[in-house]
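Notes for the one structure printed next.
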Amino acid sequence: MKKFTFYIFILVSVAELISVTFNMPLVNLIAKPLIMITLAGYYLSNTTRRSSLFLIAMSFCWLGDVLLMFQSEQQLFFMAGLGSFLIGHVLYIICYRQMRNTESSNGLLGTQKVRFSLPILLAGTGLVVILYPSLGELTLPVMIYALVITLMSLQALFRFGLTNQKSFIFIFTGALLFMTSDSLLAINKFLTPFPYASLCIMFTYIAAQYFIAEGSIAHHTNTQTK
């Protein structure tokens, strides 16, 4: 069952990547909503110590996927999709704080947190500064979203030493890939379209969600065996 759910997720993901590369709207309409559904199935089949909050976060990401499919028809869909992902990120932040071994004393020190946070903060704020002149009426929503996804990545970073190595690496990698995917989307939408933008955006997004789910499974599995 574990392998089956993984293969289904990969199949759906490949179908989605093919659909955005070769402009196949019907395949996209079927495959994109299934990405988070099949990933949730993979998560559920790989751990018995499940987080309901994590599943709710995945659900909001699923809703964001669906709403953004119709953003070309009306700007409201983009705003609603942005809001859904915003809630998803807030819930991921809470989940990251829960998926820690609070009794551990191996976490980052205050000075280390500051030092390692700088590249993430610079990436998050730097992109907003570059995009600012092009955002128009979406300036405030995009700035709030950029702040939240930056905080999500920082919370993933601050799990260092407070969980097993696999869980930290996977979730932190997923968070950075999420920032990358959203940055590519913002550049393509607000600054300048670039070749294979949809493919790059979806590939990094799918990889981000997979790594976050896998990292969560790794944390739960390690907690179970103790």
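Please treat every number below as a calculation from the coordinates, not as lab data. Computed from a predicted model, the values in this text were never measured in an experiment. A quick note on method: Cβ atoms are made from the backbone with ideal geometry, for glycine too, and the neighbour counts reach across all protein chains shown.
Numbers below:
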| item | result |
| --- | --- |
| Lys, Arg +1 and Asp, Glu -1 on Cβ, resulting dipole of the stretch 1-133 about Cα centre, debye, nearest 20 | 540 debye |
| Nearest-0.05 FRET efficiency for ALA197 and TYR132, computed from C-beta distance (R0 25 Å) | 0.80 |
| Distance in nm between pseudo-label sites at ASN106 and SER52 (7 Å out along the Cβ direction from Cα) | 3.2 nm |
| Low-density loop cleavage sites - chymotrypsin sites (Phe, Trp or Tyr not before Pro) in the stretch 16-67, where at most 15 other Cβ are within 10 Å (DSSP) | PHE22 |
| Dipole magnitude of the chain, debye to nearest 20 (Cβ charges: Lys/Arg +1, Asp/Glu -1, about Cα centre) | 800 debye |
| Given charges at Cβ of Lys, Arg, Asp, Glu: the chain dipole, positive-most of ILE171, THR47, TYR196 | THR47 |
| Helix-only mean residue ellipticity at 222 nm for the chain, each DSSP H run of n ≥ 4 adding -39500 (n - 2.57), per residue, nearest 500 | -27500 deg cm²/dmol |
| Residue among PHE116, GLY81, VAL12 farthest towards the positive dipole end of the chain, charges placed on Cβ | PHE116 |
| Farthest positive-ward along the chain dipole, Cα basis, beta-carbon charges - from PHE22, ALA57, VAL128 | ALA57 |
| Pairs from LYS3/LYS113; LYS166/LYS189; LYS32/LYS166; LYS113/LYS189; LYS3/LYS166 whose Cα-Cα separation, in the structure shown, is over 30 Å | LYS3/LYS113; LYS166/LYS189; LYS113/LYS189 |
